[in-house]
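Structure record follows, encoded as structure tokens.
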């Protein structure tokens, strides 16, 4: 799953030319692991105890949830569609709960859906306002527009912060099922999931990094920094309260916001064709999660593995 979020974390520094592909992945992997181990506890608790109305689930149900989330995330990754693994995980758990007759804690689901809907708009607003304020009060760099050392440091810094935030925000997608079964505590689950995230970053991370960096919006360094910073603020704000939201949705929202802040009459730097592809991925992710989670529980039940 770490591969799926390389663009969401290091896409802006990479797009602006502050860091090359391989160094970006090498910076991202360890920071993702640190965030997963030391900052994911509240989110792990929400996934492990707040979705299904039961103290523990069987290993078979947990396996169905993980397999469903893994298969769908891998499929979207191969298609180079940056969808939401969080939404896939949550609705895979809902589907598995339906299949095994476990009640769903709809209050948690309702809260998450509302927060997911707010996140990209909050990131849009932050990105838009940040660029407008910077353009108004910060002097533009002289031509030619080569990156200064300060710009490079700022861009890589916000990418590093996003990598930490991704570990805290997303590791429960992989290891929250461990909490559901009662097999591991919060930190051990974060460690196991964090190692998987880091491995994914280093092995399959290049395609999504390049898509988000170059195919959604044309950015200058100031816009890239504002977009990544806005995403980080939204994500860490959610994590602080034990909730999680899509890294990709927050980033795409902030990217559109900074793009619209620079909009001129009759033109905009946002590449809408790519955005429509991302929106399609968001739409099919939750539906496919429910269907596959439900179906896998049925298969495992017929095989007497539940």
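The values are calculated or read from the model by the stated rules, or taken from the named source; none is laboratory data. Keep in mind the model is a prediction, meaning the values are calculated, not measured. Note that each Cβ is placed from the backbone with ideal geometry, even for glycine, and that neighbours are counted across all protein chains shown.
Residues that are at pLDDT 85 or above and either in a helix (DSSP H, G or I) or within 16 Å of residue 283 (Cα to Cα) (or both) occur at least once in the stretch 72-83. Is at least one residue of the stretch 143-153 at pLDDT 90 or above and surrounded by fewer than 24 Cβ atoms within 10 Å (Cβ to Cβ)? Looking for residues that are at pLDDT 90 or above and surrounded by fewer than 24 Cβ atoms within 10 Å (Cβ to Cβ), one finds at least one in the stretch 143-153, hence yes.
Quick grid of which residues meet (1) in a helix (DSSP H, G or I); (2) in contact (Cβ under 8 Å) with a residue 40 or more places away in the chain; (3) surrounded by fewer than 24 Cβ atoms within 10 Å (Cβ to Cβ):
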{"residue": "175", "(1), (2), (3)": "yes, yes, no"}
{"residue": "222", "(1), (2), (3)": "yes, yes, yes"}
{"residue": "226", "(1), (2), (3)": "yes, yes, no"}
{"residue": "234", "(1), (2), (3)": "yes, yes, no"}
{"residue": "244", "(1), (2), (3)": "no, yes, no"}
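Checked against the criterion of being in contact (Cβ under 8 Å) with a residue 24 or more places away in the chain and either within 18 Å of the chain's Cα centre (by Cα) or in a helix (DSSP H, G or I) (or both), the candidates 43, 22, 114 yield just one match: 43. Tallying residues that are modelled with pLDDT under 95 and either closer than 24 Å to residue 302 by Cα or surrounded by fewer than 20 Cβ atoms within 10 Å (Cβ to Cβ) (or both) within the stretch 116-126 yields 3.
Scanning the stretch 84-111 for residues that are in a helix (DSSP H, G or I) and touching a strand residue (DSSP E or B) at 6+ places or on another chain (Cβ under 7 Å) yields 93, 94, 97.
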